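Nothing in this text is a laboratory measurement; each read-out follows from the coordinates by a stated rule. Quantities reported herein were computed from a predicted structural model and do not represent experimental measurements. Cβ: placed from backbone, ideal geometry, glycine included. Neighbour counts: every protein chain shown.
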Amino acid sequence: MRRLLFAANWKTQLGPDDARAYLKLFRTRYNRHEDRDVWFFPPAVSVEAAAQAARDRADLLVGIQDIYWEPKGAFTGTVSAPLALQAGARATLIGHSERRHVFGETDDDTRRKMGAALAGGLVPVLCVGETLAERDAGHTLAVVVRQLSAALGSLDAAALSRVVVAYEPVWAIGTGRNATPQDAAAVHREIRGWLQGRGAPVPGLRVLYGGSVNAKNAAALLAERELDGVLVGGASLDAEGWAQLVQTAAA
Ligand code: PGA
């Protein structure tokens with residue numbers, strides 16, 4: 001059975017009270033489907049509230065949007081993998097486009113965070129993707145492979161089997177533009193090939209697509225077998241709309 005992953009990235013929205021209200025409503029609108037998982041990435045302050053609100057639903061999981069690589073110490077303003085785990089997170093985004101392009105996160109940072117996530121027991125969701133200039137210059141695959149190699153190049157097959165990859169072209173995030181299903185699938189095929197070439201097990205490999213995914217385009221994207229799910233920002237902020245998207249996109 002093809003098992004799809006629907007991941008919601010709330011970015012800098014929905015505090016603890018909002019997260020509780022959101023999950024309460026979402027749970028009344030979305031009943032568990034055996035063939036899909038729904039993950040939520042609230043801002044760090046809302047992780048515990050969201051995790052509590054989702055705790056007795058095995059198909060719902062809460063993650064954090066970013067971690068620092070040291071487990072503890074004097075690193076003001078950061079959250080480490082063990083702290084996120086204690087708050088109820090079970091996954092973490094790594095190298096999201098906004099971390100890379102707004103905050104200057106480097107490929108080397110993603111490598112360290114990857115190691116910290118795996119050591120700390122969080123499922124890493126590595127985000128990769130090219131800018132518009134890189135795409136126009138024909139460098140999409142080179143950029144994606146560089147980002148994969150930097151973050152995952154030193155992992156063995158067992159570690160790779162725990163990693164989720166999200167392909168999110170930078171020019172598609174929050175812009176209303178998205179890759180065609182065929183363009184996305186072509187990049188996904190390369191990513192899957194790269195992972196398999198390093199021994200990642202074929203069943204269980206998950207490559208998500210992200211960038212302006214919404215209720216209108218999700219079904220067409222997910223009709224591509226190369227896509228194992230979606231990572232969604234704007235269209236995940238409304239509990240009812242997100243429930244509807246998860247409910248119908250893979251019908
Ligand atoms: P978007 O964001 O759906 O609002 O484009 C996706 C993301 O940044 O993960």
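If you filter the stretch 163-251 for trypsin sites (Lys or Arg not before Pro), then keep DSSP loop positions with at most 13 other Cβ within 10 Å, what is left? Intermediate results must be reported in sequence, preceding the final value.
Working: sites: 177, 189, 192, 198, 206, 216, 225; in loops: 177, 198, 216, 225.
In loop regions of the stretch 163-251 (DSSP not H, G, I, E or B), the sparsely surrounded trypsin sites (Lys or Arg not before Pro) are 177, 216, 225.
Apply the Karplus parameterisation 6.51 cos²θ - 1.76 cosθ + 1.60, with θ equal to phi minus 60°, to every residue of the stretch 56-69 and state each ³J(HN,Hα) to the nearest whole Hz, in sequence, with x for glycine and proline.
Working through the residues one at a time gives 9, 10, 5, 8, 10, 9, 10, x, 10, 7, 6, 9, 9, 7 Hz.
Which cross-chain or sequence-distant (5 or more) residues have an amide H under 5 Å from the amide H of residue 80, H modelled 1.01 Å from N in plane?
The answer is 68.
Calculate the dipole size of the chain relative to its Cα centre from +1 charges on Lys and Arg beta carbons and -1 charges on Asp and Glu beta carbons; express the result in debye to the nearest 20.
Values: 28 positive and 27 negative charges, 100 e Å.
Here the size comes out at about 480 debye.
Mind checking the dipole of the stretch 116-251: about its Cα centre, +1 per Lys or Arg Cβ, -1 per Asp or Glu Cβ, Debye to the nearest 20? Write out the running numbers ahead of the final one.
Numbers: 10 positive and 12 negative charges, 50 e Å.
The calculation lands at about 240 debye.
Would you please classify the overall shape of the chain from the alpha carbon gyration tensor, given that a ≥ b ≥ c denote the square roots of the eigenvalues, rounded means a/c under 1.5, and beyond that prolate means a/b larger than b/c while oblate covers the rest? Walk me through the numbers before you get to the answer.
Working: a/c = 1.43, a/b = 1.08, b/c = 1.32.
Judged from the Cα gyration tensor, the chain comes out rounded (a/c under 1.5).
Taking amide H positions as placed 1.01 Å from N in the peptide plane, with prolines and chain starts having none, which residues 5 or more places from residue 8, or on another chain, fall under 5 Å of its amide H?
Under 5 Å from the amide H of residue 8: 39, 40, 41, 232.
Find how much the distance from residue 157 to residue 240 grows on full extension, using 0.36 nm per residue of separation minus their present alpha carbon separation; answer in nm with one decimal. Please report the intermediate quantities before stating the final value.
Details: separation 83, 0.36 × 83 = 29.88 nm, distance 3.85 nm.
Length difference between fully extended and current span is 26.0 nm.
What are the ³J(HN,Hα) couplings of the stretch 123-128, residue after residue, when phi is run through the Karplus curve with 6.51, -1.76, 1.60 and θ = phi - 60°? Round to Hz, x for glycine and proline.
For the stretch 123-128, the Karplus-derived couplings read 6, x, 10, 7, 9, 10 Hz, x marking Gly and Pro.
Please compute the modelled spin-label separation between residue 137 and residue 175, points set 7 Å along Cα→Cβ, answer in nm with one decimal.
Each label point lies 7 Å from its Cα, and together they span 1.5 nm.
Tell me, what HN-Hα J-couplings in whole Hz come from the Karplus equation 6.51 cos²θ - 1.76 cosθ + 1.60 at θ = phi - 60° for each residue of the stretch 95-111, using x for Gly and Pro?
x, 3, 3, 6, 5, 6, 9, 8, 10, x, 5, 9, 4, 5, 4, 5, 5
I need the trypsin sites (Lys or Arg not before Pro) found in the stretch 72-149, filtered to DSSP loop residues with at most 12 other beta carbons within 10 Å of theirs. Mind dumping the intermediate values first?
Values: sites: 72, 90, 99, 100, 111, 112, 113, 135, 146; in loops: 72, 90.
Here the sparse-neighbourhood loop sites are 72.
Would you calculate a helix-derived [θ] at 222 nm for the chain, using -39,500 (n - 2.57) for each DSSP H run of n ≥ 4 and dividing by the full residue count, to the nearest 500?
Numbers: 11 runs with 103 residues, N = 251.
For the chain, the value works out to -12000 deg cm²/dmol.
Once both labels are modelled 7 Å past Cα along the beta-carbon direction, what's the residue 146-residue 20 spacing in nm?
4.6 nm
What number of lysine-lysine pairs in the chain show an alpha-carbon separation below 27 angstrom, given a sequence spacing of 8 or more or placement on distinct chains? Walk me through the numbers on the way to the answer.
On the way: 11/24; 11/72; 11/113; 11/216; 24/216; 72/113.
Final tally of qualifying lysine pairs is 6.
Would you grab the residues whose amide H sits under 5 Å from the one on residue 206? Only those 5+ places off in sequence or on another chain, please, with H modelled 1.01 Å from N.
165
Taking only C-alpha pairs under 8 Å that are 6+ residues apart, what is the relative contact order of the chain in percent?
Details: 497 pairs, mean separation 49.2, N = 251.
Here the relative contact order equals 20 percent.
Quick one: grab the alpha carbon gyration tensor of the stretch 1-48, order the square roots of its eigenvalues as a ≥ b ≥ c, and give me rounded if a/c is under 1.5, else prolate or oblate depending on whether a/b is larger than b/c. Walk me through the numbers before you get to the answer.
On the way: a/c = 3.34, a/b = 1.68, b/c = 1.99.
Judged from the Cα gyration tensor, the stretch 1-48 comes out oblate (a/c at least 1.5, b/c at or above a/b).
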